[in-house]
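The values are calculated or read from the model by the stated rules, or taken from the named source; none is laboratory data. Source: prediction; values computed, not measured. In this analysis, Cβ positions are derived from the backbone assuming ideal geometry, glycine residues included, and neighbour counts consider all displayed protein chains.
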Amino acid sequence: MKPLRLLILLLLVLGAQPVFAEDSLLSPETMNYIGYGTVIVALIVVIISMLLVLKAVKLVTAALADAADPAAATLTVEEKVARKKAVRKDKWIRLWSLKPLSEEHTLIMEGEYDGIKELDNPTPAWFMYLFYATIAFGIGYLLVYHVFKTAPLQYEEYNIEVAQAAKEKAALLAKTGAAVDEKTVKLSTDPTVLSSGKQVFVSRCSPCHGAAGQGIIGPNLTDDYWLHGNKIADIFKTIKYGINTMPSWEKLLSPKEISDVSNYVKSIHGTNPPNPKAPQGVKVTD
């Protein structure tokens, strides 16, 4: 038993390493593999141990049965083997609800055709047990899901999972700032927001609108004239989806970056940069 104890101890040590070794030289994936392997080997050891225990119980039971039956002590090895086979065969016959060949004549049905007769074999016991089990399961299912409604049905489970996923998604988007869109964007004068928006404007928007927003290919963003509205939501929507010759920035900028640059565009209104482009659009006053 000492080798078995040493093996179990070694498995426990290896299995505990992924949990307690914070500065291990092994990678997390390797430690996980070691842990999984340890669990599998431990399960195999437990199964083998249970089989050995079951074998021992059978041996003890057989010894007690022989002690209780004095006639069994006089049987030879061949006779004991034949006796065990007969017991197994009898169990198998009872499981299938069959009768020995010597009793088949009691199952013959009345009538025959061309000298052929039929046997009235009963339904196997295992099938009937399974059938009764399905009835019990059906009654339990009906009571749990439709009468007492202590558990959700499939569609309810689906709706619960979808609602939970939506909450988690909303929480994640709110945490990362990705929940901003043209309906929820807010006007801000926060210097941090405007500084971030200026960086985006200089790198992305200045080639068409100029470094100061005076307009080059695109319109002047500092005057009172607007092509697609001067509200923060209008500016956000124009940047996000694009319009006419202006491309969509939805896939290149995050919602937060679009919000920041929209607020920056609002902040440069009225700055009157040099060499402004001629007015375009409709005059709109805040």
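Brief remarks follow.
- Criterion violated by ASN244 - all others in (1) touching a helix residue (DSSP H, G or I) at 6+ places or on another chain (Cβ under 9 Å); (2) farther than 17 Å from GLU182 by Cβ; (3) without any contact (Cβ under 8 Å) to a residue 24 or more places away in the chain satisfied: (1)
- Among the residues making up the range 248-262, those that are assigned to a helix (DSSP H, G or I) and surrounded by fewer than 22 Cβ atoms within 10 Å (Cβ to Cβ) are PRO255, LYS256, GLU257.
- Any hit, the range 252-262, residues being modelled with pLDDT under 95, in the same structural domain as PRO279 (by TED's automatic domain parsing) and over 14 Å from VAL180 (Cα atoms): yes
- Of everything listed in (1) part of a helix (DSSP H, G or I); (2) closer than 16 Å to VAL265 by Cα, the single unmet condition for TYR145 is (2).
- Any hit, the range 191-209, residues being surrounded by fewer than 17 Cβ atoms within 10 Å (Cβ to Cβ), part of a loop (DSSP other than H, G, I, E, B) and assigned by TED's automatic domain parsing to the domain that holds ILE243: no
- A search for C-beta distances below 6 Å between a residue of the range 267-284 that is among the basic types (Lys, Arg) and any residue that is part of a loop (DSSP other than H, G, I, E, B) and surrounded by 10 or more Cβ atoms within 10 Å (Cβ to Cβ), counting only pairs 6+ apart in sequence or on different chains, returns LYS277/GLY215; LYS277/ASN220; LYS283/ASP224.
- Condition check for LYS198: in contact (Cβ under 8 Å) with a residue 40 or more places away in the chain and under 41 Å from the mean Cα position of the chain (by Cα): no
- Residue within the range 225-247 that is in contact with a strand residue (DSSP E or B) (Cβ under 6 Å, 6 or more places away or on another chain), surrounded by 14 or more Cβ atoms within 10 Å (Cβ to Cβ) and of a type in the set (Phe, Trp, Tyr) present: yes
- Selection status of ALA125, surrounded by 10 or more Cβ atoms within 10 Å (Cβ to Cβ), without any contact (Cβ under 8 Å) to a residue 12 or more places away in the chain and in contact with a helix residue (DSSP H, G or I) (Cβ under 8 Å, 6 or more places away or on another chain): no
- Filtered residue count, the range 201-221, keeping only those that are of a type in the set (S, T, N, Q), in contact (Cβ under 8 Å) with a residue 24 or more places away in the chain and within 17 Å of THR245 (Cα to Cα): 1
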